[in-house]
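The values are calculated or read from the model by the stated rules, or taken from the named source; none is laboratory data. None of the values given here were measured: they were computed from a predicted structure. Cβ: placed from backbone, ideal geometry, glycine included. Neighbour counts: every protein chain shown. Please note that ligands, DNA and RNA were not included when accessible areas were found on the heavy atoms of the full protein model with its side chains. Shrake-Rupley method; radii C 1.70, N 1.55, O 1.52, S 1.80 Å.
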Amino acid sequence: IPMIKLSKKWTYALKSVIYIAKSKDLVHIVDISKDQNISESLLRRIIADLDKWWILLSVKWRNWGVKLWRELSKISIYDILFSIWEELWLSDCTKWLDCENINTCTTTYLLWNLQKSFNWILKLQTFDKIIK
């Protein structure tokens, strides 16, 4: 069964949100890129995705900056993964909770329950708890 593997994009998104949350002010993308050793072009794409889902607020002016859009208690790891279109599926069977072998497969319900639990755990991990 293929299992989930979190990408560098997810790691960079997580690191960026933590960095921004700790600063409590408008942070310039150049500074995040330099301090977190993230390619500026990739970081801009990540920030754009997080901005679309109201996690970060981008302020585009001379030195493009970002700040949190929501309170830390309202941002979860699940939100970050979802907003950057990271695959959240534990296996192909749980993708969209649809399986063509549902009537013959012995693991479908087990995998669906694991998927629900995985999603629930990611939703419980909010940034107010992470940054403590």
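Checking each residue in the range 17-36 for being over 18 Å from the mean Cα position of the chain (by Cα) and either open to solvent by 20 Å² or more (accessible area, probe 1.4 Å) or over 21 Å from residue 70 (Cβ atoms) (or both) picks out 23, 24, 25, 26, 28, 30, 31, 34, 35.
Any idea which of 122, 88 is open to solvent by less than 30 Å² (accessible area, probe 1.4 Å), in contact with a helix residue (DSSP H, G or I) (Cβ under 6 Å, 6 or more places away or on another chain), at pLDDT 90 or above and not charged (D, E, K, R)? Steps first, please.
Values: 88 fails: at pLDDT 90 or above.
Only one candidate qualifies: 122.
Remark: residue 59 falls outside the filter, which requires a residue to be of a type in the set (Val, Ile, Thr) and modelled with pLDDT of 90 or more.
The number of residues in the range 49-68 that are open to solvent by 40 Å² or more (accessible area, probe 1.4 Å) and under 19 Å from the mean Cα position of the chain (by Cα) comes to 7. Pairs linking a residue in the range 54-79 that is closer than 23 Å to residue 118 by Cα to a residue that is open to solvent by 50 Å² or more (accessible area, probe 1.4 Å) and in a strand (DSSP E or B), with Cβ atoms under 7 Å and 6 or more positions apart or on different chains, do not occur. Looking at the range 9-28, which of its residues are over 20 Å from residue 132 (Cβ atoms) and assigned to a loop (DSSP other than H, G, I, E, B)? Listed by number, the list holds a single entry, 26. Where helices (runs of 4 or more DSSP H) sit wholly within the range 39-132, those with at least 2 residues that are of a type in the set (Phe, Trp, Tyr) occupy 77-83, 108-124.
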